[in-house]
Amino acid sequence: MKMNPIRFLALTATLAMAFCATSCGKKDESAGSTKGKKLKLAFVSNNASSFWTIARAGTTDAAKELGNVEVDFRIPSSGGAAEQQQILDDLLAKGIDGIAVSPIDSANQLDLLNKVAGQTLLVCHDSDAPASQRVCYIGTDNTIAGTEAGKLIREALPQGGKIMLFVGTLDAQNARERFAGIKKELAGSKVEIIDVRTDETDRVRAQKNVEDTLVKYPDVACLVGLWSYNGPAILNAVKSAGKTGAVKIVCFDEEDETLAGVAAGQIFGTIVQQPYEFGRQAITRMAKHLNGDKEALAGGKQIVPTLAIKKDNVGEFSARLKKMLGAK
């Protein structure tokens with residue numbers, strides 16, 4: 001049947017409008033608005049420790065592998081929550097696509113973190129903020145890490161004894177969880193925790209805390225550092241007091257002085273994390289998530305395992321670390 005030309009044009013227009021309504025207006029839910037564009041992602045630390053040099057190498061490698069990512073690596077030099085807030089506000093003002101942050105004071109930064117999460121993709125690394133609206137945590141299970149440190153303490157003090165703990169601040173989630181893990185592991189043992197001394201990431205104060213402890217508690221048997229710079233601070237204070245070997249040291253992370261102390265038998269052991277993986281996975285997983293792979297940050301947590309380093313395995317670990325960072 002031959003169709004009237006006017007009716008044919010009307011029908012064609014109707015079909016075109018219907019097609020546009022169903023396909024032109026349909027969102028690409030698998031990719032989102034970032035597909036195809038160069039992503040700007042940020043990685044924010046909680047202090048200026050050399051620990052973050054390793055994490056930076058991971059972010060750099062991730063950006064190279066992905067090709068379409070620019071990384072803004074930020075370090076709050078003071079280690080203070082106010083400076084970290086300024087960094088986060090600045091990143092939001094620049095229209096960043098995603099931020100991975102180690103919160104300095106997760107409880108008191110909750111409103112800030114939720115503000116960030118409301119404007120961009122938010123991931124926590126190193127120290128979590130589980131009460132916030134962050135999408136995922138990437139890093140150590142710090143309670144387990146604390147129990148591993150507790151095992152080293154028990155091994156260092158088979159007959160028991162008094163210990164003092166040192167950390168930047170107990171406001172940080174990772175510090176609280178490590179402390180909880182240590183207490184859990186030492187429960188029922190002959191090891192007595194005197195107290196915890198905080199330094200607000202001031203390295204001079206960190207060493208002074210140890211020096212004061214050695215004077216006030218001459219019978220202290222082991223000194224425990226929960227953050228990366230605490231190991232070197234403890235070692236320097238013990239050396240200055242002439243108590244190397246007499247007072248055991250257990251700490252966290254892989255600063256050069258810490259690994260050298262372990263190799264020399266001056267530090268009993270250290271629990272190392274994998275900051276390189278914090279950086280690499282944070283950038284890689286955020287980019288994949290923003291490009292439509294919702295499995296990249298699924299589950300809310302991506303745990304990076306720790307390793308106990310003592311004199312018998314420090315050489316092998318140090319060699320692997322140098323190889324990893326050799327070209328960085």
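The values are calculated or read from the model by the stated rules, or taken from the named source; none is laboratory data. This one's a predicted model, so the numbers in the text were calculated from it and none came from an experiment. Ideal geometry is used to build each Cβ from the backbone, glycine not excepted, and the neighbour counts take in all protein chains shown.
Here the condition is being modelled with pLDDT of 95 or more and more than 21 Å from Ala107 (Cα to Cα); of Gly225, Gly146, it holds for Gly225 alone.
State whether the residues of the stretch 153-164 include one that is under 28 Å from Gly80 (Cα atoms) and free of Cβ contacts under 8 Å to residues at least 40 places away in the same chain. Checked against the condition, which is being under 28 Å from Gly80 (Cα atoms) and free of Cβ contacts under 8 Å to residues at least 40 places away in the same chain, the stretch 153-164 yields no hits at all.
Between residues in the stretch 27-53 that are basic (Lys, Arg) and residues that are at pLDDT below 65, which pairs lie under 7 Å by C-beta distance while being six or more apart or on different chains? As it stands, the answer is Lys35/Asp28, since those pairs meet every condition given.
Just so you know, in the stretch 71-97 the residues that are at negative phi and of a type in the set (Gly, Ala, Ser) include one that is modelled with the lowest pLDDT, and it is Ser78. Which residues, taken from the stretch 105-125, are within 26 Å of Asp202 (Cα to Cα) and touching a residue at least 60 places away in the same chain (Cβ under 8 Å)? Within the stretch 105-125, Asp105, Ser106, Ala107, Asn108, His125 meet the criteria. Screening the stretch 180-223 for residues that are of a type in the set (D, E, K, R) and in a strand (DSSP E or B) and picking the one that is surrounded by the most Cβ atoms within 10 Å (Cβ to Cβ) gives Arg197. Only a single item in (1) touching a residue at least 40 places away in the same chain (Cβ under 8 Å); (2) touching a Lys or Arg at 6+ places or on another chain (Cβ under 9 Å); (3) not aliphatic (A, V, I, L, M) is not met by Thr306, and it is number (2).
Does the stretch 205-221 include one or more residues that are basic (Lys, Arg) and closer than 28 Å to Ile303 by Cα? The answer is no, given that none of the residues of the stretch 205-221 is basic (Lys, Arg) and closer than 28 Å to Ile303 by Cα. For the residues Gly315, Gly261, the requirement of being more than 21 Å from the chain's Cα centre (by Cα) and surrounded by fewer than 15 Cβ atoms within 10 Å (Cβ to Cβ) singles out Gly315. Of the numbered criteria (1) at pLDDT 95 or above; (2) out of contact with any strand residue (DSSP E or B) (no Cβ under 7 Å at 6 or more places or on another chain); (3) within 15 Å of Thr201 (Cβ to Cβ); (4) not β-branched (Val, Ile, Thr), the one Ser102 fails is (2). Counting only strands (runs of 3 or more DSSP E) that fall entirely inside the stretch 46-143 and contain at least 1 residues that are buried (at least 21 other Cβ atoms within 10 Å of the Cβ) and under 13 Å from the mean Cα position of the chain (by Cα), the qualifying elements are 98-101, 121-125, 136-139. Of all residues in the stretch 165-196, those that are touching a residue at least 60 places away in the same chain (Cβ under 8 Å) and over 18 Å from the mean Cα position of the chain (by Cα) total 2.
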